[in-house]
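Some notes on the structure that comes next.
FYI, it's all coordinate maths here, none of it is from the lab. Keep in mind that what you see is a predicted model, and the values were worked out from it rather than measured. Every residue, glycine among them, receives a Cβ derived from its backbone with ideal geometry; neighbour counts consider all protein chains shown.
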Amino acid sequence: MLQLLLEPLQYSFMQRSLIESIIVGIICAVVGSYLMVQRLALLGDAISHSVLPGLAIAFLLEINLFIGAFIAGILGTVLINLIRTRSPIKEDAAMGIVFSAFFALGITLITVIQKDNKIDLNHYLFGNILGVTGDDIRDTLVIAVIVLLTVFLLYKELLFYTFDKLGAQAAGLPVNLLDMGLMVLIGLTIVASLKAVGVILVLALLITPPATAYLLLPRLHQVMGLAIALGVFACVSGMYLSYFYNLPSGPAIVLISFALFILAFLLSPSQGVLTHTVGSAGKSAIWREIKTIMRR
């Protein structure tokens with residue numbers, strides 16, 4: 001058993017991939033906990049799709065792709081806020097409009113670039129963690145330090161803001177700055193995760209481990225800690241599955257996360273479908289609705 005665990009570590013690309021996956025698993029769990037509690041999962045999806053044109057433009061300008069992706073993600077967030085605050089369009093509709101437009105623009109730019117350059121940018125859609133380099137790990141580690149240090153220093157303020165935005169504003173906290181700061185953290189986390197799981201799958205890593213932890217524990221710091229453990233476990237397990245069974249690494253990581261969520265969904269002591277007994281009033285209401293449908 002030990003030999004099987006150590007076998008992939010003989011290869012430098014697996015060592016780099018595991019380090020990258022652990023870092024990504026930690027920061028996605030931390031930032032994703034705030035997203036899930038605030039019910040802003042769609043915002044993570046919007047920002048993740050918004051980074052694509054930034055990747056393409058950064059490639060054309062021959063600058064760091066992470067910088068281009070981050071700028072594009074922030075621009076997408078600003079545009080969402082402008083549409084939401086300067087028009088009667090609701091936030092969810094604004095997110096859908098912006099992320100679909102940015103995603104379409106990114107696909108178009110990537111297609112045009114690939115006509116004239118022999119380079120594959122498609123791995124940013126689905127992830128290519130086995131191809132990470134030492135420079136990629138360095139960039140991801142820098143982002144992780146920034147994200148984790150910010151959360152550590154502003155934990156109380158972010159906690160207050162997360163659960164009671166109006167109360168935080170009344171208490172004198174700069175809620176607009178906190179709001180923008182959280183958007184920046186989300187953007188940084190998504191940029192850091194691009195090589196691991198890609199634009200399309202990054203939302204699963206941001207939301208699924210925190211959602212799983214939320215079914216098991218009641219307090220935010222507990223949810224965050226368990227989400228980190230679950231995220232790291234999913235990333236490392238997905239990498240081993242990818243190595244031994246020749247599976248795509250990004251999807252393997254996401255499927256492990258989903259499997260853990262299903263287990264919690266079914267077996268959570270307080271929330272599980274199979275373990276948490278529905279009250280008699282709830283049962284009777286369900287039966288009444290079933291009978292009404294059958295009579296129609």
If you scale each eigenvalue of the Cα gyration tensor by 5 and take the root, what three semi-axes come out for the stretch 119-267, rounded to whole angstrom and sorted largest first? 30, 20, 12
Tell me, what ³J(HN,Hα) does each residue in the stretch 49-64 have, in order and in whole Hz, if you take phi through Karplus 6.51 cos²θ - 1.76 cosθ + 1.60 with θ = phi - 60° and put x for Gly and Pro? 6, 6, 6, 4, x, x, 4, 5, 5, 4, 5, 5, 7, 6, 10, 4
Using the Karplus curve 6.51 cos²θ - 1.76 cosθ + 1.60 with θ = phi - 60°, what ³J(HN,Hα) values do you get for each residue of the stretch 93-104, in whole Hz, with x for Gly and Pro? 5, 4, 4, x, 5, 5, 5, 5, 5, 5, 5, 4
Using a Gaussian network model of the chain with C-alpha springs under 10 Å, which one of Ala94, Ala72, Ala46 is most mobile by mean-square fluctuation? Ala94
Which residue fluctuates the most in the chain, going by a Gaussian network model with Cα springs under 10 Å, if the choices are Glu91, Glu62, Glu20? Glu62
Paired Rg and Dmax values of the chain, which use every Cα atom, in angstrom: 20.8, 67
Signed unit charges on C-beta, dipole axis of the stretch 7-109, positive-most listed residue Ile23, Leu35, Asn81: Asn81
Spatially near lysine pairs across the chain, Cα under 30 Å, sequence gap of 8 or more or different chains: 6
Output ordering of 176-183, 188-195, 250-257 (per-residue mean of other Cβ within 10 Å, highest first) is 188-195, 250-257, 176-183
Over the chain: helical MRE at 222 nm, DSSP H runs n ≥ 4 each giving -39500 (n - 2.57), nearest 500: -27000 deg cm²/dmol
Hz values of 3J(HN,Hα) by residue in the stretch 127-133 - Karplus curve (6.51, -1.76, 1.60), Gly and Pro given as x: x, 8, 5, 6, x, 5, 10
Specify the inter-centroid distance of the stretch 155-172 and the stretch 92-113, based on alpha-carbon positions, in whole Å. 33 Å
Among Phe103, Phe66, Phe163, which one shows the biggest mean-square fluctuation in a GNM of the chain, springs joining Cα atoms closer than 10 Å? Phe163
